[in-house]
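> Let me give you the structure first, and then I'll get to my questions.
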Amino acid sequence: MSSTTPKSLPREISARLSQLRSQLTRWLLVDGISHWVAVILCVLVVDMGLDRLFKMDFAQRLIMLGVMVAFASVYLVYRVIRPLSNRPGDDALLYEVEAKNLTLKESLLTGAQLARQDDLESLGASRALADATIQHSIAKAAEIDFATTLNQTRYRNNLVLLCVGGLLVAFMAITVNQNGFMKTWFHRNILLLEDQWPQATYLEIVGAQNGELVLPRGVDHRQLVQVTDESQLFDVNVSLEIDGPSGTTVHPMKPTGRQDGREHLYVLHNVATEFRMRASGGDDVTEWVSVRLVEPPSVTQLELQAVFPSYTGLAPESLPGAGPHAVLTGSQLDVGARLNKPVSEAVLRLGERRFEMKPVGDPNIATQYEIRLPANGESLSGGQYEFALTDQSGLASMRTSKFTIKTREDGPPKVRSKLLGISGLVVPRAQVPVSFSAEDEFGLEEIGLDCHWKNSDEDAVRNETQSFGKVILQLKESETTVRSIDDVEVLDLAPLQLTPGASFMLSVVARDNRPPNANVSRSNEFLLRIVTEQELRDDMLRREIEQRKAFEQAYDAQMELAAALRGVAAMKPNGQTPEQFKASREERLITIGREQKAVGTSVDAVAKRFEEFLVEAKNNRLDEDEQALAGGQTIEQRFDVGIIQPIRRMDADLIALASRNLDNCRRLIDQEQQWVSAVYETGEIQAQIMVEMKRILDAMVDSENFQEVVNKLLEIKRSELQIKSEMDKRERLEDDIFDDDK
């Protein structure tokens, strides 16, 4: 007979297995979560210890938080989720039940296997026997507790561990807001805030804001670190840790001596790359501060232009470079600066003074600034001007851009003068030629003579000083600017009615065109003594005699030269070699030639002095009296015709020819016949020179004798006039007496 066989576990066994599976799930949850909580608590404790001990920076705390989250997630999967997802089958559970209950002797496994078979007959098994076995297994399953399969002791331990862990988590959650330690740890390591652990020393990196320090590129930076006021321990050693492209280095910092010893310094030289740094000292380590480099504002192009005062007539002039530049007082200075970036402030400083520069264009993007100095109607000041720039981020210029201005005054005119044909003695009616030259950098306005004199009144025994000014040249504003002049002005003394014995002072005065107060310059002052004509004639005669004596010395020197040349012609070897004899004769010829030129220089000086005498006589109008007294015998005829012109002709024709012939003799010294002829010819010329000099000397002596005679005659004439004047005065006195008696 056939019967239907079950295809699954008996309902009783399946229900017991479902109950066991639920207990297993709970057991796994308690086991996994308890261990996970315990491990996480351990990790948090380790994190607390590490942060409290080493004071991790933000990056380290961020990494640590990431590691903790990753570890908690991985461990949760490994310890809780994965065991729960690997659910055991019915056979596995039955096997575990059989293993824990040895009295079953695998009856549960046998019953389960038989219950799953569809066709026992094909296997040669009895259905009745199989059903009996299944029923037996069901009965055995009802007799035992499947829960004993699980480790109840471990479950209870895990449950205790889970409770303790939950209490600890709750405790931590409560103390986060109650306990400073837990709050600091939670803020720092979970919320990643910048709270600090309680410590004795607190450090601050000066200048850092929001974890960043902005520095100009390429400068030396003095980094300061301060121990803050809230610290309890101030006397600590501070180090600066720098992390850059080349690695991490730690540098000890030096106390500056300021802030009661709480300030420390380290100098960063030529900062060219970005890096980060932090300070450590005592029990504090600051957060990392990133150093960002920016280009400081600077002047890339400087333009200076001097605008000169209008009276100079000069066009504006560009001044290259930073100077120093000399600028005329009263000028204006246009300053233009091109910058490397827009700035919020551009100031030009001169000492404590500040001049605000104006942007060209939009102030927000302008890179060109300008200013005209002086400002507010002031005068341009000299000195060193510096640019003070501040960019839009507040960074000031580091490398100072500057230029130097030196103001120079408009110098007074340069005046030079000399008297022409006038010595220190003049007569009251003399004419005084004044040669003058004046120049000014920007223009002359007026040139004149400044004269003053002191008359001597012997009767009253008193001195009276008088003066007058004579304008030589007046240059008006409408006329063309005159910067230099060279001319001669003749001053007539006759209208001044000077008396002999007076001292007359004369100078040339020039005034330039500088407004409002012109510069005035004065030439050297000439002192003239007013004398009588007789005194001047006597003095000129004395000087004439001196020049005649000087000419006599030149005549004697010429005679010696002629004798010396004859001596050279008569020289004999006297035991000398031909070379020695030639050298000796050539040396003497050189000496004679040099002395011959000296004679020419001497007679030329005499001619110049006589020319000056002639001009002086004309300027003092001495020739007028002589012409009236001596007829045709004038000073000009005696000096010019008899002395000056003959000396000039002799010097140009004879003395110069003698010098050239002497040079020719020296060149022909190797050609005996030609040399002899040249020496003879030169001797003839020297003889002519002496004849001409003798004639000129005679003319000088005649002029002196004639001058003495003229002086005597003029003296007699003046005596006669004086006697006549006295007689006229006496006659007038007698007439007055007789008129009174009547």
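What follows draws every value from the coordinates through simple rules; no lab data is involved. Treat the numbers as computed from the prediction; the structure is a model and nothing was measured. No Cβ is skipped: glycine too gets one built from the backbone with ideal geometry, and neighbour counts run over all protein chains shown.
> Expressed as a rounded percentage, what relative contact order does the range 534-730 have, with Cα pairs under 8 Å and six or more residues apart? Spell out each step's value before the answer.
Values: 152 pairs, mean separation 61.4, N = 197.
Once divided by the residue count of the range 534-730, the mean separation gives 31 percent.
> All other residues with a Cβ under 14 Å from the Cβ of GLN576 taken together, and with Lys, Arg as +1 and Asp, Glu as -1, what is their net charge? Spell out each step's value before the answer.
Working: positive: LYS572, LYS582, ARG585, ARG588; negative: GLU579, GLU586, GLU587.
Charge balance in the 14 Å sphere: +1.
> Mind ordering 69-75, 499-505 by average Cβ neighbours within 10 Å, highest first? Intermediate values should be presented prior to the final figure.
Values: 69-75: 12.3, 499-505: 17.0.
For the peptides 69-75, 499-505, the packing ranking is 499-505, 69-75.
> Karplus couplings for the range 42-58 from phi (6.51 cos²θ - 1.76 cosθ + 1.60, θ = phi - 60°), rounded to Hz, Gly and Pro as x?
Along the range 42-58, the couplings run 5, 5, 5, 4, 4, 4, 4, x, 4, 5, 5, 7, 9, 6, 5, 7, 4 Hz.
> Could I ask something else about it? Mind checking the range 204-252 for GluC sites (Glu not before Pro) that DSSP puts in a loop (not H, G, I, E or B) and that have at most 14 other Cβ atoms within 10 Å?
Details: sites: GLU204, GLU212, GLU230, GLU241; in loops: GLU230.
Answer in residue order: GLU230.
> Lys and Arg at +1, Asp and Glu at -1: add these up for the other residues within a Cβ distance under 12 Å of ARG349 and post the number. Don't skip to the answer; put the middle values down first.
Working: positive: ARG353, ARG354, LYS402; negative: GLU345, GLU352, GLU356, GLU386.
Net of charged neighbours comes to -1.
> Peptides 686-697, 169-180: what's the order by average Cβ count within 10 Å, highest mean first? Let's see the in-between values first.
Details: 686-697: 18.0, 169-180: 12.4.
Sorting 686-697, 169-180 by mean packing, highest first, produces 686-697, 169-180.
> Order 430-439, 59-68 from most to least packed using the mean count of other Cβ atoms within 10 Å.
Values: 430-439: 19.7, 59-68: 14.5.
In decreasing order of mean packing, 430-439, 59-68 become 430-439, 59-68.
> Work out how far the C-alpha atoms of the range 299-408 reach from end to end along every principal axis, then list the three figures in whole Å, largest first.
Taking the Cα atoms of the range 299-408, the three principal extents are 46, 27, 26 Å.
> Net charge near VAL206: determine it from the other residues with C-beta under 10 Å of the C-beta of VAL206, scoring Lys and Arg +1 and Asp and Glu -1.
Values: positive: ARG222; negative: GLU204, GLU263.
Net charge in that neighbourhood comes out at -1.
> I've got another one for you. On alpha-carbon atoms, Rg over Rh for the range 534-730 using Kirkwood Rh? All intermediate terms of the calculation are to be shown ahead of the outcome.
Numbers: Rg = 23.4 Å, Rh = 19.3 Å.
That ratio equals 1.21.
> Let me ask something else about it. For all pairs of alpha-carbon atoms in the range 199-294, what percent lies in each bin of width 5 Å, listed from the first bin to the last filled one?
Histogram of Cα-Cα distances, whole percents per bin: 3, 14, 25, 26, 18, 9, 4, 1.
> Which pairs break 26 Å Cα to Cα here: LYS254/LYS341; LYS418/LYS549; LYS549/LYS608; LYS418/LYS597; LYS597/LYS694?
Details: LYS254/LYS341 36 Å; LYS418/LYS549 28 Å; LYS549/LYS608 15 Å; LYS418/LYS597 30 Å; LYS597/LYS694 19 Å.
In this structure, LYS254/LYS341; LYS418/LYS549; LYS418/LYS597 exceed 26 Å between Cα atoms.
> Give me CYS665, CYS42, CYS163 ranked fewest to most by other Cβ atoms within 10 Å of their Cβ, as a rough exposure proxy. Present the calculation step by step, with values, prior to reporting the outcome.
Details: CYS665 26, CYS42 10, CYS163 13.
Taking fewest neighbouring Cβ atoms as first place, the list is CYS42, CYS163, CYS665.
> Return one quarter of the surface area of the convex hull spanned by the alpha-carbon atoms of the range 379-450, equal to its mean projected area, in nm².
Numbers: hull surface 37.3 nm².
Quarter of the Cα hull surface area: 9.3 nm².
> I would also like to ask the following. With θ set to phi - 60°, apply the Karplus curve 6.51 cos²θ - 1.76 cosθ + 1.60 along the range 285-300 and write out the HN-Hα couplings as whole Hz, x wherever there is a Gly or Pro.
10, 6, 6, 5, 10, 7, 9, 10, 9, 10, 7, x, x, 8, 8, 9
> A further question follows. Find the centroid of the Cα atoms in the range 49-89 and in the range 482-530, then give the distance between the two in whole Å.
First find each Cα centre; the distance between them is then 110 Å.
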